[in-house]
Amino acid sequence: MNKNIKKTLISLALSSSLVITGTALAASQADADRLGKDLTPTGGEMAGNAEGTIPAWTGGLSTPPANLGYTGPGDHHPDPFADETPILTITAANYQEHADKLTAGQKALFAKYPDTYKMNIYPTHRTHAAPDWVYNNIKSNAVNASLTPSGLGVENAYGGTPFPLPENGAEVIWNHLLRWQGQATEYLNDTALVQANGSVTMGGEDNYEKHNFYQQGERDEFKGEFYTLVNEILAPTSRKGETLLFIDPVDDKLDRKAWIYIPGARRVRRAPNVGYDGPDGVSSGTRTYNDNFMFSGAIDRFDWNLVGKKEIYIPYNTYKFDNPELKYTDIVTPGHLNPEHIRYELHRVWVVDATLAEGKRHVYGKRTFYFDEDSWVAAAQDSYDNRGELWRVHEGNLKAAYELPGVVLRNYTTYDLNSGVYHTSMLMNELKTLPIFTTPRKDSFYSVSGLRKRSKR
């Protein structure tokens, strides 16, 4: 099949059963020239859908909306769509009528919580944007980037979506991992672990992220470590002061490097279990380490199959969720997050099935991901156990940080269907500031020596 025709079919497919695997070559210049024409600069379809329920992309939300009182970085985002009302409400009574636009996990939540779970559907706004220098890098990546021979790593990419015209599932998951979310981000956040009986245990974290892949103008200096995180636990008191440092590479021959400081031991040690299906202690094991941020870490334990594109209702432009007038008790409710404060919109997503690779082990036998076509953020994930039963449902709240600009993951939640327990991260309603997108600190801050220095405070 002609390569151009093949790509067109992929980009236009809805609810496709097409499976694409293997290592792919970079796109042709003719394909790359579609970016900014019939495709958005990040690789989404420029046009809306035939029904008019998904609009055309017209540049996204790249500046703070006027006259809403936004004061600058760190301020809570005033909602530019506050006057809109739902065009549809999906409940347990009618969700079967809309099943073609729901994930398996969403359907499971309707079945498990028929009296309380619902989805308020609002008009769709395609608000993702990025700086011009990122768009330029994406166009360069389109003709230069490729997967490594193993199909598990990335080479010849920098400073933008590596595969804006993806041909397989591995390319899509790398688009998520290497998505634009600024050069560095610093933020406090709260977390909540909610038991089946409704009891809540709150937690708190202090985070410093460095997106090494996006240090503008330093392509030749990129050493292959694309993401660094320093994470300090502030609450509960039993874990206060625990601090984690990890660094993720694009090279499939290298592993995540991770260290942890535990106050009781008063020393820094390697943390080889901070990855894959190691239970994340912050969530009390409700999610794995590579469930963080919807997916993080190495991709080698799964075969990544690109199913195609589909129109799905996902949380998007969820400014209501971040409203500083809300208390956590307004949001964190028994069974699931309060649906009154979550805005769902219809968006095109890339659907990718990740199945456990031969000879590998993981608590999940299969995972299905749904990636927003404009931002490449994973908005939803369905995780199955090794018997093939749906086990955990993951959902992310996406929102345009117009000061960045870009659509970013603002909150993510994991629901355990078996236990009825759920964990939600990155709550910020009761905090004074939202994440601040900034320039990186000195390299020494994101190092083992920096971790030791913090541990001596």
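Each reported figure results from applying straightforward, stated rules to the coordinates on display, with no laboratory input. Since the structure is predicted, the reported quantities are computational estimates derived from the model, not experimental observations. All Cβ positions, glycine included, derive from the backbone under ideal geometry; neighbour counts span all protein chains shown.
Quick notes on this structure:
- Test result for Thr368, polar (S, T, N, Q), free of Cβ contacts under 8 Å to residues at least 60 places away in the same chain and either in a strand (DSSP E or B) or surrounded by fewer than 24 Cβ atoms within 10 Å (Cβ to Cβ) (or both): no
- Restricting attention to the stretch 399-426, the residues that are under 18 Å from His336 (Cβ atoms), surrounded by 23 or more Cβ atoms within 10 Å (Cβ to Cβ) and among the β-branched types (Val, Ile, Thr) add up to 3.
- Given (1) crowded, with 22+ Cβ neighbours inside 10 Å; (2) of a type outside the set (Asp, Glu); (3) touching a Leu at 6+ places or on another chain (Cβ under 8 Å); (4) over 24 Å from Trp57 (Cβ atoms), index of the condition Leu431 fails: (1)
- Positions within the stretch 235-261 being within 23 Å of Ser444 (Cβ to Cβ) and of a type in the set (S, T, N, Q), in sequence order: Thr243
- Of the residues making up the stretch 126-148, none is closer than 30 Å to Leu417 by Cβ, part of a loop (DSSP other than H, G, I, E, B) and in contact (Cβ under 8 Å) with a residue 40 or more places away in the chain.
- Just so you know, in the stretch 165-204 the residues that are assigned to a strand (DSSP E or B) and β-branched (Val, Ile, Thr) include one that is farthest from Ala298 (Cα to Cα), and it is Val200.
- Leading residue by the ranking (farthest from Ser150 (Cα to Cα)) among those in the stretch 302-353 that are in contact with a strand residue (DSSP E or B) (Cβ under 7 Å, 6 or more places away or on another chain) and of a type in the set (Lys, Arg): Arg343
- For the stretch 307-350, the set of residues classified as crowded, with 17+ Cβ neighbours inside 10 Å, of a type in the set (Asp, Glu) and over 20 Å from Tyr117 (Cα atoms) consists of Glu311 only.
- Sole residue being charged (D, E, K, R), in contact (Cβ under 8 Å) with a residue 24 or more places away in the chain and out of contact with any helix residue (DSSP H, G or I) (no Cβ under 8 Å at 6 or more places or on another chain), chosen from Glu395, Glu340, Glu389: Glu340
- Qualifying position, being under 23 Å from Lys210 (Cα atoms) and either among the aromatic types (Phe, Trp, Tyr) or surrounded by fewer than 21 Cβ atoms within 10 Å (Cβ to Cβ) (or both), among Ser150, Ser140: Ser140
- Hits in the stretch 371-386 (condition: in a loop (DSSP other than H, G, I, E, B), without any contact (Cβ under 8 Å) to a residue 24 or more places away in the chain and under 20 Å from the mean Cα position of the chain (by Cα)): none
- For the stretch 279-297, filtered to residues that are charged (D, E, K, R) and in a loop (DSSP other than H, G, I, E, B), the residue that is surrounded by the fewest Cβ atoms within 10 Å (Cβ to Cβ) is Asp280.
- Inspection of the stretch 230-245 identifies at least one residue that is acidic (Asp, Glu), in a loop (DSSP other than H, G, I, E, B) and surrounded by 15 or more Cβ atoms within 10 Å (Cβ to Cβ).
- Taken together, Leu404, Leu451 contain a single residue that is farther than 19 Å from Val200 by Cβ, out of contact with any Asp or Glu (no Cβ under 7 Å at 6 or more places or on another chain) and part of a loop (DSSP other than H, G, I, E, B), which is Leu404.
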